[in-house]
Every structure is written in structure tokens, then in C-alpha cells.
1. Given the Cα-Cα distance of ASP313 and ARG357 and 0.36 nm per residue of separation, how much length would full extension add, in nm?
2. Given a Förster radius of 45 Å and the C-beta distance between GLU562 and ALA8 as r, what FRET efficiency does 1/(1 + (r/R0)^6) yield to the nearest 0.05?
3. Please work out the average accessible area per residue across the range 226-313, using the 1.4 Å probe convention, and give it in Å².
4. Where in the range 358-380 does the amide nitrogen come within less than 16 Å of the point 7 Å from the Cα of SER547, taken along Cα to Cβ?
5. Return a whole-number percent for the relative contact order of the range 358-582, with Cα pairs under 8 Å and 6 or more residues apart as the contact set.
6. For the pairs LYS5/LYS63; LYS57/LYS504; LYS482/LYS504; LYS5/LYS209; LYS63/LYS545; LYS358/LYS482, note any where the Cα-Cα span goes beyond 19 Å.
7. Would you please put 224-235, 536-547 in order of how densely packed they are, using the mean number of other Cβ atoms within 10 angstrom per residue and starting with the highest?
Amino acid sequence: MRLFKTVAGLRCYLNRYRSGQPLFDRFMTGESLPEVSIGLVPTMGSLHAGHLSLIQKARQENKLVVVSIFVNPLQFGPTEDFQQYPRMLEQDQALCEQAGVDVIFAPSVEEMGVGRQQSAASRQPSAVSSQKAEGGSQKTEDGSQMLELEAQTISFGDASRFWNTQADTKSPSAQSSPTQVIPPEPMTSVLCGRSRSGHFQGVATIVTKLLSIVQPQRAYFGQKDAQQLAIIQRLVEDLNLPVAIVGCPIVREPSGLAYSSRNQYLTPEQRAQAIVLYRGLSQAAQVFRAGERSADVLINMVKTELQSVSTIDPEYIELVHPSTLEPLEMIEETGLLAIAGRIGSTRLIDNILLSSRKPIVAIDGPAGAGKSTVARQVAQVLDLLYLDTGAMYRALTWLVLQSGLAVDDEPSIAELVSQCEIELSGQPTLMEKQATSISVSINGQDVTQEIRSLEVTSNVSAIAAQPIVRKELVRQQRRYGKNGGIVIDGRDIGTYVFPDAELKLFLTASVQERARRRQQDLKNQGKDEISLDELEQSIYDRDLKDSTRALAPLRQAEDAIEIQTDNLSIVEVVDWIVRLYRE
């Protein structure tokens, strides 16, 4: 594991990694890397089990993991605990090394170019803004141009190479008035923003700098800081930054108290009292599951529970939309019930997501485990939509061919896929795997029959292998998942496409059993028989390829239920899943 305290050192290391040059501590031979995949976990140090869960997720999904440790002065108000905030770099280094972190980036405030010249409450930022403009374009005080992008504005001096360069953070002008990033005011003025003026501007500024410095493929944030997560997701979307923001579940102590670096401020008695925060949220979740949707009722449930502990001083209890942070009066789909309060001088936050959507069934597993056949039949029995991802890729392939594009013209295909809409409707049959009554249309045209043509079949793999195609179709798959009620199978459905699926399953079978099934399939189709040894080797090679591929690798979600199907029939597997769903 390497520790860097300067941007120059970190960038040199990451540039060598991206180019496949030897890193001395990792790749002594200098061989080319099969994949450039960097995961970033931004932290302020004082690491605990919550941080370690983010690191574990990043370790599963990336070749190289960077953890930043930086106590950000821009997000602390003048009366907050910046000086007292726990700093324990040596302990954090040990935890990171144990967790398999590759790089720690622990810069000083001077290296990050922010200092303590301005408090979070008094800063007057001048650069990147996601707030609404009055209209037109105008000049800022320093003469830089302010450009209007629909309802959003971005003000900057020279940000044409925003992602690949940064200002000289050691120049006097940068030190006296650092560039700031300003998220939309409606998102920063609610919840914690009411009492922490300037806090989220400080968070957004440093997160943007870290994303620019590290340039990761993925960055990981905890759901405990739900407002921060929503703002960063919006920032990345508005600025078109090429990074996936991965939200990770809250990790709790056995008592239910959410892990926080500030928990160490609590006395044993206060720690026991703090549990009431989660207890109140749990009471509200219980009545929500019983059918209650009113914000007033849910909030009052929390208030009633908090009254049982007189030492708790609630700051807010609110129900908002988890993505926009707009206040909700009723939950129609999903709501974020959030709470903040003080015990003594320690401020704690917590939240819970309340979703009324129908459950999503996510089925992952290796090739030949029967997951597609099982998924179709589960959807049929439960009257859910089978989200046929294969049909979606086929529909796009048909459109590419109809448009006269070469299958390797990735820029043109990117343009095409980003503007197309694929619709699926109907139900699969319970008969053969390929027989289906699902209708498929693209841009309003029914292509159910056309996508089964030999031309589409022979080109779909080349189209599906393109990262932009994968990204855009996952976006459309998630649109179907908004209201739930779907069954979907693949390699990384439970870990990436629908990590919040209510029921996650991992169907598997031994290599020998899958080879036997494949041999029987070939025999039933009247094709030449292949020996079991050859089939087993082929399946073994396929498993290795699927689990190490750069795009959509095969992974089992931590909370997935594994079903070993060696001695089970299709009907038995389907019955098992149906029982789990109904439970």
C-alpha cells in the first residue's frame, strides 16, 4: 500500500497504472493491464466499520482502490468541531492495509488549496454553480464568462479542460479565494443545510477536486449521509463527470446506532441513549409497512419515540424525496425519512428509506445454471414483468443495422443508443426458453420478430460488448425498476444494476452438472455430441472470463440467497423462489 500526500505523487502513480508501467509495489514486470479500473473512497479519516464497508465494495468492483483522508475545512462552520475532529492517520493506515487498499491520499489543506481563510458560513464562491440562472449570459466580477445551460449555470474562468487539469493551488490568488462548487440551493437549504450554511458547498468543492485528481471509474459514499449522496449524484450528473457514484447501505452497531466518527464523542450512557434515533425510524418503518403513507403520521411516530429520551435535542425530522430532497406530504413511491439531533454537544444524523414499490427479483449466476429459464417462469407465476435484457440488446442491434452503422462505429452507436427508448410488455411463456409472448419495441416500432433474425443474432455480441451500450441500457433497465414488480437475470444484477433489489438470488451448479445439462441440450437439438470433458473445460473457461471481465463481471451480492441447483428441477427452483418472494 502506498501513501501520498501530494497531488503530483498520486497523479504520477495513477498515470503509471493507467499506462501499464511498473508500479514497483504491484506490477514488477511492467506487463500491460487487462483493465483500468479505479475506485475512490473519500473519507475524513477516523475510519470505522461504515468506511470499511465502502472500501470492501470498492475492492470487489475495482482493480485499484484509492482512499482519500482529508478533514475538509470548507465544510465546517466557525463554531463546529474542525480542530477537535479526530485525526488518527497511523490507525487509519493500518485499517486500510488490512482492507486491501492500494493507495491512501492524505493531503494537507495547503496541498488541496483551500486553507481556513473563509468559514463555511461566510464564503462567497465564484466558480462552478448548479443553481438556476435568471437567463442569458453575463460576466462575473473577475471577467470570467457565465454560461447558461438550460436551467443550470456554470461559471468559470477557464474550465475547458476541467477533468484533466486543475488550477495552481499554490498560487497566492488560489489560496486567497479558492474556486468553489455550488450545488442547487433547494438541495442545500433543507435538512442539515438549514443549520450548516455553506457545508454542502464545501463538500461539493472538495469532492469535485478529488474526482478531478483521481479520475476514478467509481466513487463510493454511504447512505447515512443521504443528503450529501443526493447532492453529489446531482453534481456528477449536471457536470457530466465520467464517474459512477455508488451509494452503499448504512452500517450499524449491534444496537442499531449508525456508525459515525463522532460516536467516539459519546459517553457510554449517551451511546445507549442515542439508539432512540434508529428506534424512532424503525417505528415509522413498521407503520409504513402496515400501509401508512402520510408524512405527518410517520414523522409523529418518530417524535413520540424521541420523547422517551429527554436528553435528545431533535434538530429536524423530515420526509423528503431521496434524489431531489423535495419535502413529501405522502409517499407515492419512495421517501427518505431523515433525522438529526444532539446528545450533549454531539450532533448525530440517521435516516431510513421507505419504498412502496413492488419487490424486484434479481437473479445472478454463471452460464448454464438455468437462471433465464427460472426467471421467466418466476415472472409468469407471480404475474411480474420479465425484464428480458437480451431482447433489449437485440433491439438496439436491430436499430444499429437498420441505421446502416458499422457495428464497430462506437461513437455513432453511442449517439444512437443515448437517444433510443426500448419498451417491453407482456409475459413469457412457461414453455421453451426462447418461446415468448413478450413484445419488444424500439422508438415506438414493434420489433418482436425482427430481433430474432440471423443477422441480429450474429452481431448482438459485438454491440453488447461496448461500454456505452451497457451504460445506456442499464439506465433504461433501472427506469423499469422504478416501480418494482420485475424479474431480471444476469451476471451483476444484484451488485450493480439493482443493488437495492428486495430479493437477490444467486443460482449456481457445479461445472460437471452444467456440462451434463449442456450435453443433453445438444442431444435434444440433434447436434453432434461433445464429450463431457470438453464441455467442462469450456464452462470452466467461461466462468473465469465472466468473473474477470472488465464489463459486467459475474459477482454474487453479499445479501443474495445462493441456490445450488445440482439436485433440483426447474420446477423445484421456481417454487423455492416464489415462496421467498411471498414471504
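1. Answer, rounded to one decimal: 12.5 nm.
2. Calculated value: 0.45.
3. 48 Å²
4. 364-369
5. Answer for the range 358-582 is 33 percent.
6. LYS5/LYS63
7. The peptides rank, most packed first, as 224-235, 536-547.
The values are calculated or read from the model by the stated rules, or taken from the named source; none is laboratory data. Computed from a predicted model, the values in this text were never measured in an experiment. We place every Cβ from the backbone using ideal geometry, glycine too, and count neighbours over all the protein chains shown. Ligands, DNA and RNA are excluded from the accessible area calculation, which covers all protein heavy atoms including side chains. Shrake-Rupley method; radii C 1.70, N 1.55, O 1.52, S 1.80 Å.
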